[in-house]
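Below is one structure; the comments refer to it alone.
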């Protein structure tokens, strides 16, 4: 019985560790023959995103959460986090376009960001805390 409880606790620990958010500025390297792609996870707060949107800053706002959720007003596209490469034609042609990725709470943004870097995008951010943080900050969703 103790062994079963131990296995369940270990599985729960591994699950929750996988759901933990990465800190802003965390970097990994993705090896792509013949080059290495540097991935940087740069987070922005809901307040920073709101200011960008209010100032008319040229950004591409991308919701990657599955299942699909209500989107932040101004969202340019919904592409599931695990389908970024498949639907690359929905992304900006200019690889230097500022892209802000968000999901419900944050974790689905990270594999999406990695895929965007692998596709050659270089100016990618994620919304810290996702749409839930956006709503907690008092910003509406349609």
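Residues being at pLDDT 95 or above, farther than 17 Å from residue 99 by Cβ and touching a helix residue (DSSP H, G or I) at 6+ places or on another chain (Cβ under 9 Å) are represented in segment 55-67 by at least one member. For segment 126-141, the criterion of being exposed (fewer than 14 other Cβ atoms within 10 Å of the Cβ), at pLDDT below 95, out of contact with any helix residue (DSSP H, G or I) (no Cβ under 8 Å at 6 or more places or on another chain) and more than 25 Å from residue 37 (Cβ to Cβ) is met by at least one residue. You will find that of 138, 106, 129, the residue that is free of Cβ contacts under 8 Å to residues at least 60 places away in the same chain and on the phi > 0 side of the Ramachandran plot is 138 and no other.
Among the residues of segment 54-68, those that are touching a strand residue (DSSP E or B) at 6+ places or on another chain (Cβ under 7 Å) and either touching a residue at least 60 places away in the same chain (Cβ under 8 Å) or surrounded by 12 or more Cβ atoms within 10 Å (Cβ to Cβ) (or both) comprise 59, 60, 61, 62, 63, 64.
Select, from 77, 51, the only residue that is at pLDDT 90 or above, surrounded by 12 or more Cβ atoms within 10 Å (Cβ to Cβ) and more than 17 Å from the chain's Cα centre (by Cα).
Just one listed residue meets the conditions, 51.
The values are calculated or read from the model by the stated rules, or taken from the named source; none is laboratory data. No experiment lies behind these values; they were computed from the predicted model shown. Note: ideal-geometry Cβ built from the backbone for every residue, glycine included; neighbour counts use all protein chains shown.
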